[in-house]
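Structure first, commentary second.
The values are calculated or read from the model by the stated rules, or taken from the named source; none is laboratory data. All values reported here derive from a predicted model rather than from experimental measurement. Here the Cβ is made from the backbone with ideal geometry for all residues, glycine too, and neighbour counts use every protein chain on show.
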Amino acid sequence: MPIKNSYIPYGRYWSTPFCRWQGSFAQTHSIKLAAAVGKKFLADAELSPKTFDSLVLGFTVPQKQSFYGAPWFAGMLGAPGITGPNVSQACATSVRALATAVCQLEAGMGEAILAVTCDRTSNGPHVYYPNPKGIGGMGDTDNPVWDNFNKDPYAGGPMIQTAENVAKEAGIAKKEQDDLTALRYQQYQEALADDRAFQRRYMVPVEIKLGRKKTVMVEGDEGIYATTLEGLSRLKPVLPDGSVSFGTQTFPGDGNAGMIVCSAERASELSKDSKVTISVSGFGEARVKAGFMPMAVVPAARKALASANIGVGDLQAIKTHNPFAINDVYFCRELGIEPERVNRFGSPLIWGHPQAPTGMRAMIELIEQLVLEGGGYGLFSGCAAGDTAMAVVLKVG
């Protein structure tokens, strides 16, 4: 389906800082937190919650009452008259939420849709499934966070094994992963320059109550590890005979992000600067052979580029979701891109992995980078559980 009239008004998006596992957001319900952040963001932007015709809510870690999802979120936001779907596709949830909003717009189901993504990997649920036939009548249990990181029920093996499979087949050595990670850490430092000038373009501070009289203001990312090539070289691989160390993979986190998706006319009305236009140009999704998740970012990217009718050479900026350094090494090799061209200002490898909002933060950074660099096409591509990936092409004019 050609995308004809789907836009993101400039500056009408946000991301919270991303907090490390068991950090400042660890005790806060992610949907409640996202609603509070969204409500304050709209108030500060002088936008009414009644602006929206619909809502798309993305999350991957269930919490109390998350069954009610989007309608509950809308009520807390101050927009009890709207509803919409809950979407979940592991770390592709953000692109799926954006694609869902775009499909609704293109189908004429409204002119302004709010897409919000949130997750809390900290203190995830422990699910009990009754099983009267179990030994001693005991049921089965499941930890939706750690059990899914550690076992793909289709491919078998943990997610880290998918990275090792690609490293072995593509011949990606530990030294390449170390070099790539050190580069990504240095790129993140650019986002911190001048008192976090780049991050302040989109990142909102969050006040968290620690008690009846005590609060803390979270202004920047938590959990960033000081990274040097020398330090990375000393780390041993996690798996026997492997190549991926703890330093060349991301870490679980908590956070949320949101953006408005609307028609061209509404985007002009809602934009922080109507001279900047941000259009959605194309999507792509892909699945590769079982147990080779990091490879999926390449065919997804190619499909998104084909959907937008452009090539790699037409891209001004590129962002990826890279839970493993191997993702970016493989991505850059296959598409013939210098690693320095990808993930300016940082990436999930450095700032963490809250799953659902991870891609949305990367897309927001992509937009802001394009604005700084004078516009053009930008690509985001990110892998997801089940050896899949989704990608999107945005254009800033």
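Kindly indicate whether any position in segment 188-199 is among the charged types (D, E, K, R) and touching a residue at least 60 places away in the same chain (Cβ under 8 Å). Scanning segment 188-199, I find at least one residue that is among the charged types (D, E, K, R) and touching a residue at least 60 places away in the same chain (Cβ under 8 Å), so the answer is yes.
The single condition among (1) within 19 Å of Ser15 (Cα to Cα); (2) loosely packed, with under 14 Cβ neighbours inside 10 Å that Lys213 does not meet is (1). Residues in segment 178-205 that are among the aliphatic types (A, V, I, L, M) and in a loop (DSSP other than H, G, I, E, B) were compared, and the one that is nearest to Phe18 (Cα to Cα) is Val204. Regarding segment 154-161, can at least one residue be identified that is surrounded by 12 or more Cβ atoms within 10 Å (Cβ to Cβ), out of contact with any Phe, Trp or Tyr (no Cβ under 8 Å at 6 or more places or on another chain) and at pLDDT 95 or above? For segment 154-161, residues surrounded by 12 or more Cβ atoms within 10 Å (Cβ to Cβ), out of contact with any Phe, Trp or Tyr (no Cβ under 8 Å at 6 or more places or on another chain) and at pLDDT 95 or above: present. When segment 63-79 is limited to residues that are assigned to a loop (DSSP other than H, G, I, E, B) and touching a helix residue (DSSP H, G or I) at 6+ places or on another chain (Cβ under 8 Å), the one that is surrounded by the most Cβ atoms within 10 Å (Cβ to Cβ) turns out to be Ala79. It is to be established whether one or more residues within segment 226-248 are under 22 Å from Phe380 (Cα atoms), surrounded by 15 or more Cβ atoms within 10 Å (Cβ to Cβ) and in contact with a helix residue (DSSP H, G or I) (Cβ under 9 Å, 6 or more places away or on another chain). Taking every residue of segment 226-248 in turn, at least one turns out to be under 22 Å from Phe380 (Cα atoms), surrounded by 15 or more Cβ atoms within 10 Å (Cβ to Cβ) and in contact with a helix residue (DSSP H, G or I) (Cβ under 9 Å, 6 or more places away or on another chain).
Yes/no per residue for (1) within 18 Å of Ala389 (Cα to Cα); (2) in a loop (DSSP other than H, G, I, E, B); (3) among the aliphatic types (A, V, I, L, M); (4) under 21 Å from the mean Cα position of the chain (by Cα):
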| site | (1), (2), (3), (4) |
| --- | --- |
| Glu285 | yes, no, no, yes |
| Pro294 | yes, no, no, yes |
| Pro299 | yes, no, no, yes |
| Arg302 | yes, no, no, yes |
| Ala306 | yes, no, yes, no |
| Ile318 | yes, no, yes, yes |
| Asp328 | yes, no, no, yes |
| Arg333 | yes, no, no, no |
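Note down all Cβ pairs under 9 Å where the first residue falls in segment 137-157 and is within 18 Å of Gly124 (Cβ to Cβ), the second is loosely packed, with under 13 Cβ neighbours inside 10 Å and small (Gly, Ala, Ser), and they're at least six residues apart or on different chains. Every condition considered, the pairs that remain are Asp140/Gly134.
A quick yes/no check of all residues on (1) polar (S, T, N, Q); (2) buried (at least 24 other Cβ atoms within 10 Å of the Cβ); (3) at pLDDT 95 or above:
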position	(1), (2), (3)
Pro294	no, yes, yes
Gly313	no, no, yes
Asn322	yes, yes, yes
Gly336	no, no, yes
Arg341	no, no, yes
Gln355	yes, yes, yes
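Looking across segment 249-289, just one residue is among the acidic types (Asp, Glu) and surrounded by 23 or more Cβ atoms within 10 Å (Cβ to Cβ), and that is Asp254. Looking at this structure, is Ile113 part of a helix (DSSP H, G or I), surrounded by 13 or more Cβ atoms within 10 Å (Cβ to Cβ) and within 23 Å of the chain's Cα centre (by Cα)? So Ile113 does not fit the description; no.
For (1) more than 21 Å from Leu370 (Cα to Cα); (2) more than 17 Å from the chain's Cα centre (by Cα); (3) free of Cβ contacts under 8 Å to residues at least 60 places away in the same chain, each residue gets a yes or a no:
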residue	(1), (2), (3)
Lys236	yes, yes, yes
Pro240	yes, yes, yes
Gly247	yes, yes, no
Ile278	no, yes, no
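Can you find a residue that is modelled with pLDDT of 95 or more, within 21 Å of Gly284 (Cα to Cα), of a type outside the set (Asp, Glu) and not in a helix (DSSP H, G or I) anywhere in segment 118-137? So far as segment 118-137 goes, no, none of its residues is modelled with pLDDT of 95 or more, within 21 Å of Gly284 (Cα to Cα), of a type outside the set (Asp, Glu) and not in a helix (DSSP H, G or I).
Within segment 20-62, being part of a loop (DSSP other than H, G, I, E, B), surrounded by 23 or more Cβ atoms within 10 Å (Cβ to Cβ) and hydrophobic (A, V, I, L, M, F, W, C) holds for Phe25, Phe52, Phe59, Val61.
The listed residues are Leu379, Leu370, Leu394, and the only one of them that is part of a helix (DSSP H, G or I) and either of a type in the set (Asp, Glu) or modelled with pLDDT of 95 or more (or both) turns out to be Leu370. Taking Ile82, is it assigned to a helix (DSSP H, G or I) and either over 26 Å from Asp387 (Cα atoms) or among the polar types (S, T, N, Q) (or both)? So Ile82 does not fit the description; no.
So that you can scan it fast, the table gives a plain yes or no per residue for (1) of a type in the set (Phe, Trp, Tyr); (2) at pLDDT below 90; (3) touching a helix residue (DSSP H, G or I) at 6+ places or on another chain (Cβ under 6 Å); (4) closer than 26 Å to Lys39 by Cα:
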site: Asp142; (1), (2), (3), (4): no, no, no, no
site: Gly171; (1), (2), (3), (4): no, no, no, no
site: Tyr185; (1), (2), (3), (4): yes, no, yes, no
site: Gln189; (1), (2), (3), (4): no, no, no, no
site: Val218; (1), (2), (3), (4): no, no, no, yes
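Scanning segment 85-105 for residues that are assigned to a helix (DSSP H, G or I) and hydroxyl-bearing (Ser, Thr, Tyr) returns Thr93, Ser94, Thr100.
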